[in-house]
Amino acid sequence: MKIFTCKDRLEDIMTCIYDAWSEALRIGHDQIQLKKEPVFQQTIFDEYIHIDQDLSKAEKVIRSIRREISDEAYLNIYLATLSVEEDALQAIYNFLRVGFKTGESVLQQYANPYVMRILELRRKVSNESHHFREFARFERLNSSNVYVSHLEPKSDVIMLVGRHFANRMPSEHWMIIDDNRKTACVHSKDGENYLRYLTDEEFQTLRKTEDYEDEYTDMWKTFFQAIAIDERKNYVCQRNLFPLWKRKHAVEFKK
């Protein structure tokens, strides 16, 4: 078995699919597996092949998906690439094996486990993105008009979240930071969003932004406490709707 591995980035994933597919034409798809890095436990008798990104190969894969299957299929695949699930890359590969044979109608094959898995990954990523659009809390840096929000999503959804706030706050400087991946979705006033990979020094500096408080922070905490009805408090229901791991950076829950 040959196992192709790559970094958890769109261009790397598409390049990995290209190279794995090329090898599968020689030895068969059943002898190929794909995994995102890091791979924590390698098997003894399998060959691991690291793949670096190649933009031309990545573009060929994306173009083939959109032409031979559909734009909707590519959207499903793109969202699946953002998933934290360990089998996400293999699920994409399996879906493409079916999709290139079937064509546009592949997304209606609900009895096919490969199709259902890709739809399940899309649903999970979309739901997590939707949740963090609701749970994101921005804090203004001292003596500046820059707003910063810290999130710790399981899947790589900050660009999806950022797309929402680009429509809501287009004329503000802001950034959404993924503390798990040390990346930031940066938006300049009346500009476009872009993804930035933070250095350790930049990340440590930006982590301190959560220590800043102003009158609006206090007002929000007061409002959160004031509207609560003691007789109707239900912490089990609250944790179902707003899980503990998602509220780490919500100011109203900070002591």
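What is the residue count in the range 75-95 for residues that are over 25 Å from Asp30 (Cβ atoms), open to solvent by 40 Å² or more (accessible area, probe 1.4 Å) and not aromatic (Phe, Trp, Tyr)? Let's see the steps before the verdict.
So in the range 75-95, the residues over 25 Å from Asp30 (Cβ atoms) come out as 75, 78-79, 82, 84.
Filter again for open to solvent by 40 Å² or more (accessible area, probe 1.4 Å), leaving 75, 78, 84.
Now drop any that are not not aromatic (Phe, Trp, Tyr), which leaves 75, 84.
The number of residues fulfilling the criteria is 2.
State yes or no: is Val148 touching a strand residue (DSSP E or B) at 6+ places or on another chain (Cβ under 6 Å), in contact (Cβ under 8 Å) with a residue 24 or more places away in the chain and outside any helix (DSSP H, G or I)?
Details: touching a strand residue (DSSP E or B) at 6+ places or on another chain (Cβ under 6 Å): yes; in contact (Cβ under 8 Å) with a residue 24 or more places away in the chain: yes; outside any helix (DSSP H, G or I): yes.
So Val148 passes the test.
Just to be sure I understand, how many residues within the range 67-87 are more than 21 Å from the chain's Cα centre (by Cα) and without any contact (Cβ under 8 Å) to a residue 12 or more places away in the chain? Steps first, please.
Taking the range 67-87 first, the residues more than 21 Å from the chain's Cα centre (by Cα) are 67-70.
With the extra rule that they be without any contact (Cβ under 8 Å) to a residue 12 or more places away in the chain, the set shrinks to 67.
Number of matching residues: 1.
Could you please find all residues in the range 214-224 being surrounded by fewer than 12 Cβ atoms within 10 Å (Cβ to Cβ) and modelled with pLDDT under 85? Lay out the reasoning, then the answer.
At the first step, the residues of the range 214-224 found to be surrounded by fewer than 12 Cβ atoms within 10 Å (Cβ to Cβ) are 214-215, 218-219, 222-223.
Passing the criteria: Asp214, Glu215, Asp218.
Please specify each residue of the range 89-137 satisfying the condition of being touching a residue at least 24 places away in the same chain (Cβ under 8 Å), hydrophobic (A, V, I, L, M, F, W, C) and out of contact with any Asp or Glu (no Cβ under 9 Å at 6 or more places or on another chain).
Ile92, Leu96, Val106, Ile118, Leu119, Phe132, Phe135, Ala136
In the set Tyr212, Tyr235, Tyr197, which member is among the aromatic types (Phe, Trp, Tyr) and in contact (Cβ under 8 Å) with a residue 40 or more places away in the chain? Please lay out each step first, then the result.
On the way: Tyr235 fails: in contact (Cβ under 8 Å) with a residue 40 or more places away in the chain; Tyr197 fails: in contact (Cβ under 8 Å) with a residue 40 or more places away in the chain.
On inspection, the qualifying residue turns out to be Tyr212.
Looking at this structure, is Glu72 open to solvent by 90 Å² or more (accessible area, probe 1.4 Å) and part of a helix (DSSP H, G or I)?
On the way: open to solvent by 90 Å² or more (accessible area, probe 1.4 Å): yes; part of a helix (DSSP H, G or I): yes.
Criteria met by Glu72.
Is it the case that the range 53-65 has a residue that's touching a strand residue (DSSP E or B) at 6+ places or on another chain (Cβ under 9 Å) and either under 22 Å from Ile32 (Cα atoms) or crowded, with 17+ Cβ neighbours inside 10 Å (or both)? Write out each step before concluding.
To start, the set of residues in the range 53-65 that are touching a strand residue (DSSP E or B) at 6+ places or on another chain (Cβ under 9 Å) comprises 53.
Going one step further and asking which of them are either under 22 Å from Ile32 (Cα atoms) or crowded, with 17+ Cβ neighbours inside 10 Å (or both), we end up with 53.
Yes.
Residues that are among the aromatic types (Phe, Trp, Tyr) and within 24 Å of Asn145 (Cβ to Cβ): list the helices (runs of 4 or more DSSP H) wholly contained in the range 159-254 that include at least 1 such residues. Walk me through how you get there before you give the answer.
Numbers: elements: 200-207, 215-226, 235-241.
The helices (runs of 4 or more DSSP H) meeting that bar are 200-207, 215-226.
Pairs please, first residue from the range 25-50 and in a loop (DSSP other than H, G, I, E, B), second anywhere and of a type in the set (D, E, K, R) and open to solvent by 90 Å² or more (accessible area, probe 1.4 Å), Cβ atoms under 8 Å, 6+ apart in sequence or on different chains.
The qualifying pairs are Glu37/Lys7.
Across the range 15-52, which residue is farthest from Gly103 (Cα to Cα) among those that are open to solvent by less than 90 Å² (accessible area, probe 1.4 Å) and aromatic (Phe, Trp, Tyr)?
Looking at the filtered set, the residue picked out is Tyr48.
Would you pick out the residues in the range 117-142 that are of a type outside the set (Ser, Thr, Tyr), touching a Leu at 6+ places or on another chain (Cβ under 7 Å) and open to solvent by 40 Å² or more (accessible area, probe 1.4 Å)?
Arg122
The values are calculated or read from the model by the stated rules, or taken from the named source; none is laboratory data. Being a predicted model, the structure only gives us computed values, none of them experimental. Note that we place each Cβ from the backbone using ideal geometry, even for glycine, and neighbour counts take in every protein chain shown. Note: areas computed on protein heavy atoms with side chains; ligands, DNA, RNA excluded. Shrake-Rupley method; radii C 1.70, N 1.55, O 1.52, S 1.80 Å.
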